[in-house]
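Here, each number is a calculation from the coordinates, and none is a lab measurement. Here the structure is a predicted model, which is why all the values come from computation and not from measurement. Neighbour counts run over all protein chains shown; Cβ positions are idealised from the backbone, glycine included.
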Amino acid sequence: MALIVQKYGGSSVADAEKINNVARRIVETKEKGNHVVVVVSAMGDTTDELIQLARQINPQPEERELDLLLSTGEVVSSTLLAMALGSLGYKAVSLSGAQAGIETDASHSRARILRVEPKRIVRELGKGNIVIVAGFQGITEDMDITTLGRGGSDTTAVALAAVLKAQICEIYTDVEGVYTADPRFVPEACRLKEVGYEEMLELATYGAKVMHPRAVELGELYNMPILVASSFSDKPGTIIHGGVSMEVRNKVRGIAHDLNVAKITVVGVPDRPGIASAIFEPLAKANISVDTIVQNASINNITDLTFTVARSDLDKAMSLVEPVAGSIGARECVSDLALAKVSIIGTGMQNTPGYASTMFRALYEQGINIQLITTSEIRITCIIAEDKVKEAVRALYKAFDLEQAEA
Ligand code: ADP
Ligand code: ASP
Ligand code: MG
């Protein structure tokens with residue numbers, strides 16, 4: 001008997017009717033003779049609503065309390081889905097992340113899965129149950145509930161698929177797969193039939209929120225094929241796997257954009273050894289990831305240091321950097337929130353000239369100013385003003401002939 005892990009996102013379980021629809025889809029998979037483990041997200045916008053509610057009570061809620069609060073969203077949807085399956089005459093049991101054996105580190109709001117102990121899941125499957133697991137959460141050694149970062153239910157699903165040695169991990173969402181750009185920005189974007197882990201990881205990390213980056217990382221690590229498809233149709237979707245053919249790999253595969261970007265500039269920094277480590281060490285200790293870092297050439301031994309962090313980390317990052325800037329004799333610390341990243345991604349860019357200049361020209365022709373640039377072997381990212389992001393994505397889509405991509 002094969003084991004299939006399915007994950008249904010928030011919009012797929014947004015109300016009672018949708019939960020019943022998901023239950024019927026699960027039954028179809030079960031009826032084909034499979035064991036089924038299902039991971040669910042919180043209903044609709046529940047997570048956002050819980051965050052807002054918490055902030056009305058306390059503008060800076062304690063991370064431990066916030067995590068326990070947010071974890072309840074997924075508990076609600078998983079119990080309701082088990083009830084929906086029960087009413088269709090199927091045996092189902094819901095489990096919180098902790099009950100499912102998902103052990104994490106203690107970094108609240110961005111915890112990483114350290115281990116999965118799936119004994120309870122295996123026992124329930126043995127009894128013929130469909131197992132529904134609340135996504136996005138785990139438990140620390142000290143029995144505190146953690147969450148895995150926004151969009152983290154994808155990661156729960158892939159982690160369970162890996163540890164249970166599932167045949168496939170199916171991610172059901174509100175679009176019909178992975179597209180060459182966010183279909184909300186570029187309605188004519190094409191669905192990719194398949195995409196490699198490497199390209200998908202860059203797309204996800206640089207803003208394509210259809211998959212959580214950590215889920216893609218785990219998929220690659222355990223060589224777990226991931227299907228991304230719609231929970232509202234039976235269209236074929238996109239397969240993320242390791243065996244993508246060279247021909248398909250050989251071009252720009254997608255455009256990603258990310259609005260969760262903020263920039264910090266430490267102005268008038270003395271140019272001497274130890275300064276960068278003094279600034280970045282406290283950020284690393286606080287688990288804040290810094291993305292683009294640019295240091296200008298110094299004049300009279302004074303320079304400016306600019307870097308980006310997630311917008312959601314800006315307040316915390318400024319509170320750590322400002323005192324350091326003061327102590328090293330920097331002039332001031334300034335931040336900018338109204339920024340976005342646009343990225344072109346494709347393994348075809350490796351060792352091939354011309355992609356950067358085409359990208360810069362396309363942005364220039366729209367009158368879009370590039371503030372910072374970063375690259376990897378398979379990606380070029382420009383940081384631009386937030387209000388230009390839609391124009392930028394559309395211009396890049398045209399410049400790289402993505403309308404020619406196979407559907
Ligand atoms: P879920 O709640 O099912 O996890 P998400 O909202 O997290 O769904 O992810 C799906 C959304 O991701 C889509 O509605 C789409 O707007 C967005 N998205 C961004 N980039 C892409 C892309 N390249 N392909 C498909 N969807 C994308
Ligand atoms: N409910 C969580 C969120 O909104 C996790 C998820 O949907 O994957 O981010
Ligand atoms: Mg998601």
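For this structure, a couple of remarks:
- Taking amide H as placed 1.01 Å from N in the peptide plane, the amide H of I130 sits under 5 Å from that of K91, A92, V93, each at least 5 places away or on another chain.
- Degrees between helix 275-285 axis and first principal axis of the chain (Cα, 0 to 90, nearest 10): 20 degrees
- From the Kirkwood radius over Cα pairs of the chain, Stokes-Einstein at 10 °C and 1.306 mPa s returns a whole-number translational diffusion coefficient of 70 µm²/s.
- Over the chain: helical MRE at 222 nm, DSSP H runs n ≥ 4 each giving -39500 (n - 2.57), nearest 500: -10500 deg cm²/dmol
- Between the range 136-160 and the range 358-385, the Cα center-to-center distance that results, in Å: 34 Å
- Here r is the Cβ-Cβ distance between K316 and I168 and R0 is 30 Å; the resulting FRET efficiency, rounded to 0.05, is 0.20.
- Fewest-first sequence of F136, F185, F400 by Cβ atoms within 10 Å of each Cβ: F185, F400, F136
- Paramagnetic label zone (point 7 Å from Cα along Cα-to-C-beta, K209; backbone N under 20 Å) in the range 63-86: 66-75, 77
- Proximal lysines relative to K388, as straight alpha-carbon distance under 18 Å, when same-chain residues fewer than 8 apart are discounted: K263, K341, K398
- Under 5 Å, built H, 5+ apart or other chain: amide partners of K251: T347, G348
- Two-site FRET efficiency, Y364 against V267, from Cβ-Cβ distance with R₀ of 25 Å, rounded to 0.05: 0.40
- Cα centroid of the range 307-331 to Cα centroid of the range 41-91, whole Å: 33 Å
- Pairs of C-alpha atoms in the range 187-290 farther apart than 20 Å represent 55 percent of all such pairs.
- Computed on the range 197-331, with alpha-carbon pairs under 8 angstrom and 6+ residues apart, the relative contact order is 23 percent.
- Taking amide H as placed 1.01 Å from N in the peptide plane, the amide H of G97 sits under 5 Å from that of A134, each at least 5 places away or on another chain.
- Partner lysines for K32 [C-alpha distance under 25 Å; skip if fewer than 8 residues away on the same chain]: K7, K18, K91, K119, K127, K165, K193, K235
- Test item: Cα-centred dipole of the range 91-186, Lys/Arg +1 and Asp/Glu -1 on Cβ, debye: 320 debye
- With Cα atoms, 0 to 90° folded angle of helix 389-399 axis to the chain main axis: 90 degrees
- Extension gain for the segment R55 to K285, taken as residue separation times 0.36 nm less the Cα-Cα distance, is 80.3 nm to one decimal.
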